[in-house]
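Have a look at the structure below, then the notes.
The values are calculated or read from the model by the stated rules, or taken from the named source; none is laboratory data. Remember, it's a predicted structure, so these values are computed and weren't measured experimentally. FYI the Cβ positions are ideal-geometry reconstructions off the backbone, even for glycines, and counts take in every protein chain you see.
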Amino acid sequence: YYGFPKESYEIEYPAPGAPELANKIFNLLENAGIEAKLDDQRGFDHGLFVPLKIMYPDVNIPCVQLSLVNSLQPEVHIRIGKALTDLRKDNILVIGSGFSFHNLKEFFTPSTQKSQAMNESFEQWLIDTCSNSQLTEEEREQRLINWDKAPAARYCHPREDHLLPLHVCYGVAGTAAKKVFEFELMGKMASAYIW
C-alpha cells in the first residue's frame with residue numbers, strides 16, 4: 001500500500017509463521033493443478049496485520065499469508081478456495097481480507113447522488129450474490145466470476161485486488177454467506193461476510 005502516513009509503514013505484527021500449514025496449503029494447491037510457490041522471506045502485509053492486530057492483539061496466532069494470482073482472474077481465486085476446503089475440518093481460520101468498496105480516488109471525492117447510487121447498487125448486488133439462499137451455487141459462482149458485469153462494478157473496484165479475497169472465501173465454503181455487518185467509511189458503504 002502507499003500514500004498513507006509514515007506511521008502506517010512502521011506497524012509491526014510479529015506473528016509466528018506456520019511452516020507445516022504452509023506446506024499443506026502448497027500441496028493442496030499443487031494437487032488441484034494451481035501453480036504455487038513457498039516464500040519464507042516475505043513479511044506479512046497489511047491484508048494480514050490490519051485485521052489480526054484487532055482480532056488477536058497479543059499476536060498469539062500462527063499465520064500463513066497467500067498472495068493473489070497475478071492474472072486476477074475470479075475463477076482462479078474461486079478454484080484456490082475450493083482447493084483449500086479441507087482446511088475447514090482442521091479448524092483453520094481463512095480470512096479474505098479486502099474491502100467491498102475500494103476506489104481510493106472516490107474516498108477523497110465528495111459524494112454525489114450519482115456516486116452514492118452507484119455505490120449502493122454494487123453493494124446490493126454483492127449482498128444478494130453472497131447471501132441470497134435462493135441462488136444455486138452454480139448461479140452464485142457465475143455471478144462472482146462475472147462480478148465486473150454487476151452494476152457500478154468498476155466504479156467500486158477499478159482494480160479487483162481488494163474484492164478477490166472474497167472469491168477465495170466463497171470457494172472454501174461453496175455456499176451462501178451471512179452478511180455480518182454493513183458500515184460507512186468516508187461516505188462509502190461497505191459490507192462484510194462470514195461463511
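Can you confirm whether Val76 is touching an Asp or Glu at 6+ places or on another chain (Cβ under 9 Å) and more than 15 Å from Leu93 (Cβ to Cβ)?
no
Inspect all residues belonging to the stretch 60-72 and state whether any of them is of a type in the set (A, V, I, L, M), modelled with pLDDT under 95 and exposed (fewer than 15 other Cβ atoms within 10 Å of the Cβ).
yes
Select from the stretch 10-23 the residues that are assigned to a helix (DSSP H, G or I) and over 21 Å from the mean Cα position of the chain (by Cα) and list them in ascending order.
Correct list: Pro19, Glu20, Asn23.
Return yes when Lys82 is in a helix (DSSP H, G or I) and farther than 17 Å from Leu166 by Cβ and no when it is not.
When the stated conditions are applied, Lys82 does not pass them.
Taking the stated definitions as given, is Asp40 within 30 Å of Arg143 (Cβ to Cβ) and charged (D, E, K, R)?
no
Say whether the condition of being in contact with a helix residue (DSSP H, G or I) (Cβ under 7 Å, 6 or more places away or on another chain) and at pLDDT 95 or above is met by at least one residue in the stretch 45-58.
Looking only at the stretch 45-58, we keep the residues that are in contact with a helix residue (DSSP H, G or I) (Cβ under 7 Å, 6 or more places away or on another chain), and these are none.
No, the stretch 45-58 contains no residue that is in contact with a helix residue (DSSP H, G or I) (Cβ under 7 Å, 6 or more places away or on another chain) and at pLDDT 95 or above.
Given (1) without any contact (Cβ under 8 Å) to a residue 40 or more places away in the chain; (2) exposed (fewer than 13 other Cβ atoms within 10 Å of the Cβ); (3) not hydroxyl-bearing (Ser, Thr, Tyr), identify the lone condition not met by Phe108.
(1)
Taking the stretch 147-171 only, how many residues are touching a residue at least 12 places away in the same chain (Cβ under 8 Å) and more than 12 Å from the chain's Cα centre (by Cα)?
The number of residues fulfilling the criteria is 11.
When you go through Ser111, Ser121, Ser67, Ser115 one by one, which is the residue that is within 16 Å of the chain's Cα centre (by Cα) and over 13 Å from Tyr170 (Cβ atoms)?
Just one listed residue meets the conditions, Ser67.
Would you pick out the residues in the stretch 44-55 that are of a type outside the set (Lys, Arg) and surrounded by 11 or more Cβ atoms within 10 Å (Cβ to Cβ)?
Answer for the stretch 44-55, where residues must be of a type outside the set (Lys, Arg) and surrounded by 11 or more Cβ atoms within 10 Å (Cβ to Cβ): Phe44, Asp45, His46, Gly47, Leu48, Phe49, Val50, Pro51, Leu52.
Does the stretch 42-54 contain at least one residue that is over 19 Å from the mean Cα position of the chain (by Cα) and on the phi < 0 side of the Ramachandran plot?
Yes: one or more hits.
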